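Engineer: This structure is in C-alpha cells; I'll ask about it shortly.
The values are calculated or read from the model by the stated rules, or taken from the named source; none is laboratory data. If you're wondering where the values come from, they're calculated on a predicted model, not measured in any experiment. Neighbour counts run over all protein chains shown; Cβ positions are idealised from the backbone, glycine included. The accessibility values were calculated without ligands, DNA or RNA, using every heavy atom of the protein model including side chains. Shrake-Rupley method; radii C 1.70, N 1.55, O 1.52, S 1.80 Å.
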Amino acid sequence: MENVKIILKRKEELKGATLLTGFHGVGFVGHITIKHLVSALGAKLVGYIETLHMPPYVGMREDGRVQTPFEIYKARLGDSDIVLVLTEIPLNSRDTQDFAFTLSEWSVKEGFEEALLVGGLDMRLKKSDEDEVRCVTTSAYLRKYGREGIGFLEKGYYVVGPLALMLAKYEMMDFPAIAILPYASIERPDPRAAAVAIKYIGRHFGVQINTKRLIEEAEVIEKELEEISRKSMERAEREIRSLYV
C-alpha cells in the first residue's frame, strides 16, 4: 500500500524465513518480546518501515546510530532464518490497517514460511495458575502443525488492533500464522509475560532462549509496585489515625 513502504538496506534472501512481530498492546508484551529477541540473538538491521503518519520520534541505540520508529532485523534461530519487525513507537491509529496489511502481503510475496505474532491477554481472564498463554491460529497453520499442544483463545474473546488485522489478512491469503498471547498486566509493562512468549517461541524452533534479563526486569517492577503500595497503605493509616486525635 502506498501509505506504508518497506525499505530494505540491501537485497536479502527471505524465502523460507519466519516473520516475528508484536506491538504495544496489553502489557507491551509484543514490543518487549521482539526488542529482547533482537538483542538476545544479535539480530542484524536489514531495513525500515516508513508510514504516512510516522511518529516524529527517534532515539539513540547503544551502538551510536539513530533508532527509527519501525525497523526490520534478521537473525538465525535454531535452523531457521527469522525476520523481526520491531515497532519501537506505537503505531498511529491512522496507519494501523495499512501497516498490518502491507507487512502481511510483503511476507507472503517474499515467500516467508510462516508468521509468529506476539501480543498480550488480560490476566483477569486467567482461569488457573497453570494457564500461561492462549493462541489464535489461521487455518493454514493448523494444517501445517495440527492442534496438539495449542491452548486456543476461548470463544467470546477477541484479538484487537494490528495483530487482529494481520491474522485476518493471513487467513484470507491462506498463510500459516499464529498469535501468541501470554496473560499479562493491563496496568504496566510486563516483562514476565514476554518471557512466557519467548519460551513458547523457543519451543517452536526447538531451542532455548535466555530470558534471565526479562525476569530480572519483572522483579524490579514488582518490587517498585510493592514499595508504592506499602507507602500508600502507610499514608492511609496515618490519615485514619489523625482523624481520632
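Engineer: Quick one: is Gly151 without any contact (Cβ under 8 Å) to a residue 40 or more places away in the chain, among the small types (Gly, Ala, Ser) and either touching a strand residue (DSSP E or B) at 6+ places or on another chain (Cβ under 9 Å) or crowded, with 17+ Cβ neighbours inside 10 Å (or both)?
Structural biologist: yes
Engineer: Kindly provide the set of residues from the stretch 162-208 that are β-branched (Val, Ile, Thr), in contact with a helix residue (DSSP H, G or I) (Cβ under 7 Å, 6 or more places away or on another chain) and open to solvent by less than 30 Å² (accessible area, probe 1.4 Å), ordered by number.
Structural biologist: Scanning the stretch 162-208 gives Ile178, Ile180, Ile198.
Engineer: For residues in the stretch 117-141 being in a loop (DSSP other than H, G, I, E, B) and basic (Lys, Arg), which is most open to solvent (accessible area, probe 1.4 Å)?
Structural biologist: In this case the residue turns out to be Lys127.
Engineer: A follow-up question, please. Got a number for residues in the stretch 100-116 being open to solvent by less than 30 Å² (accessible area, probe 1.4 Å) and either under 11 Å from Leu20 (Cβ atoms) or without any contact (Cβ under 8 Å) to a residue 12 or more places away in the chain (or both)?
Structural biologist: 5
Engineer: Give the residue, chosen from Ile82, Ile180, Ile150, that is under 25 Å from Ala193 (Cβ atoms), within 14 Å of the chain's Cα centre (by Cα) and not small (Gly, Ala, Ser).
Structural biologist: Ile180
Engineer: How many residues does the stretch 15-40 hold that are out of contact with any His (no Cβ under 9 Å at 6 or more places or on another chain) and either surrounded by 20 or more Cβ atoms within 10 Å (Cβ to Cβ) or closer than 14 Å to Leu77 by Cα (or both)?
Structural biologist: 17
Engineer: Tell me the residue from Glu113, Glu71 that is among the acidic types (Asp, Glu) and touching an Asp or Glu at 6+ places or on another chain (Cβ under 8 Å), please.
Structural biologist: The conditions single out Glu71.
Engineer: Which of the following residues is acidic (Asp, Glu), at negative phi and either buried (at least 17 other Cβ atoms within 10 Å of the Cβ) or touching a helix residue (DSSP H, G or I) at 6+ places or on another chain (Cβ under 7 Å) (or both): Asp81, Asp63?
Structural biologist: Asp81
Engineer: If you scan the stretch 168-189, which residues turn out to be touching a Phe, Trp or Tyr at 6+ places or on another chain (Cβ under 7 Å) and of a type in the set (D, E, K, R)?
Structural biologist: The answer is Lys169, and nothing else.
Engineer: A follow-up question, please. From the set of residues in the stretch 120-161 that are out of contact with any Leu (no Cβ under 7 Å at 6 or more places or on another chain) and of a type in the set (S, T, N, Q), which is nearest to Ile178 (Cα to Cα)?
Structural biologist: Here the residue is Thr137.
Engineer: Among the residues of the stretch 44-53, is any without any contact (Cβ under 8 Å) to a residue 40 or more places away in the chain and open to solvent by 40 Å² or more (accessible area, probe 1.4 Å)?
Structural biologist: Yes, the stretch 44-53 contains at least one residue that is without any contact (Cβ under 8 Å) to a residue 40 or more places away in the chain and open to solvent by 40 Å² or more (accessible area, probe 1.4 Å).
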